[in-house]
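The next block holds one structure in the form of structure tokens; read it before the comments.
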Amino acid sequence: MSKAVVYSIIATATLFFFIVLSLWNLEESKGSLNRRFGYKILERAPIFDPLVTKIERERQQKIDDEKNNINNVVPRTSLGSTTSVSEVAETYLYLTSGGKLNTTLRIIILFPLLDREPKDGFVAFNELGSWINQRALERLDYVTHAELESKDKNGDLSISLREYLPYLSEKDIEKKEMGHGEAGWWIERFDIADSDHSGLLNFTELKDFLHPEDSQNKEMLKWMVRDRIKRMDDHETDGKLNFNEFEDHLYSTYESYVDFETSGGDVPSAKDKFADLDVNKDQLLSPEELLPILPYLYPGEIAYAKYYTCYLMNEGDDNEDKKLSLEEMLNHEFIFYNTVHADGHVESDDDHDEL
Ligand SMILES: [Ca+2]
Ligand SMILES: [Ca+2]
Ligand SMILES: [Ca+2]
Ligand SMILES: [Ca+2]
């Protein structure tokens, strides 16, 4: 072999090596951000597939029923009394003979439901985001319904303070202690959620009361921020944060979420962000001034839906065209079905038939 050929082989190999290395680095930085947040996000994120939600709820319902022993009183179908026959059949259609959910089949079925605007054979960020956001909203409604059902003793579809907190004594209510979780604290939270001042929480008001961080009620959001600030306010000022408090307690949370959301893009410095938020320039941040960064500081279901969308996109978009093809989704079944694959098994209720 001539020297020239050897040199050219070495040069090509070196070039190839650097290309692989740089691709690997790119992958690594994207991956490490995702890994750092992935665990937290997957833990809090909505469930991607409504069928998994249904199976998990049925399973929980069955556990609850067994606890309450009502199985002996009310005969139920194996998938619960509220489930229609066609829904039962639908569930079994997607189970493998081992009782495991056929997630490949599910993704194939769900793909066209996600690919809607435009229907172009790809799932873009907005399409994935609106699907997952819908799952988050459904979960909020479900949890609120469950709470309403269990607490509404007189059946007026509203919750009174007494219904919510039956253990409070007249004396507690009179004293109105304002410490976290004490009577006055609950009463204040209740009154702010009760936006029409009827003394009762209707469905929407109850949802705000239970999930202030997901509320559209600005007063509720401000109450939540005030409450959190109270616990971090170093100098017992007037419920506002100075720069040091902002930097010590809030900035790193804000920074890491923005970093994640923008895939390592530019994050404003603590000084810049403080100045930006401090609208009235009094060198203090009031709860109202903190509202714009609330989803980063205290993410609720809806904020987590967005982070989950970012996570799925980062993980699944192999060719980096900012869209997911069916093939890409199938290549990453695990991230869409982490609760299913975590223990490798979503049980159908048929798995252990005690009757
Ligand atoms: Ca009631
Ligand atoms: Ca009300
Ligand atoms: Ca200010
Ligand atoms: Ca893609």
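The values are calculated or read from the model by the stated rules, or taken from the named source; none is laboratory data. Computed from a predicted structure; not experimentally measured. Ideal geometry is used to build each Cβ from the backbone, glycine not excepted, and the neighbour counts take in all protein chains shown.
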Inset, instruction - Name the residue, out of Asp318, Asp350, that is modelled with pLDDT of 95 or more and either out of contact with any helix residue (DSSP H, G or I) (no Cβ under 9 Å at 6 or more places or on another chain) or acidic (Asp, Glu) (or both). - result: Asp318
Inset, instruction - Kindly indicate which of Lys240, Lys222 is farther than 22 Å from Ser160 by Cα, surrounded by 16 or more Cβ atoms within 10 Å (Cβ to Cβ) and in contact with a strand residue (DSSP E or B) (Cβ under 9 Å, 6 or more places away or on another chain). - result: Lys240
Inset, instruction - Quick one: count up the residues across segment 147-165 that are exposed (fewer than 13 other Cβ atoms within 10 Å of the Cβ) and under 19 Å from Gln61 (Cβ atoms). - result: 2
Inset, instruction - Within segment 92-116, track down each residue that is assigned to a helix (DSSP H, G or I), free of Cβ contacts under 8 Å to residues at least 24 places away in the same chain and farther than 17 Å from Asn338 by Cα. - result: Leu93, Ile109, Pro112, Leu113, Leu114
Legend entry - Qualifying positions in segment 249-286 - surrounded by 14 or more Cβ atoms within 10 Å (Cβ to Cβ), closer than 26 Å to Lys40 by Cα and of a type in the set (Asp, Glu): Glu255, Asp259, Glu261
Legend entry - Of residues in segment 17-59 being hydrophobic (A, V, I, L, M, F, W, C) and modelled with pLDDT of 80 or more, the one surrounded by the most Cβ atoms within 10 Å (Cβ to Cβ): Phe48
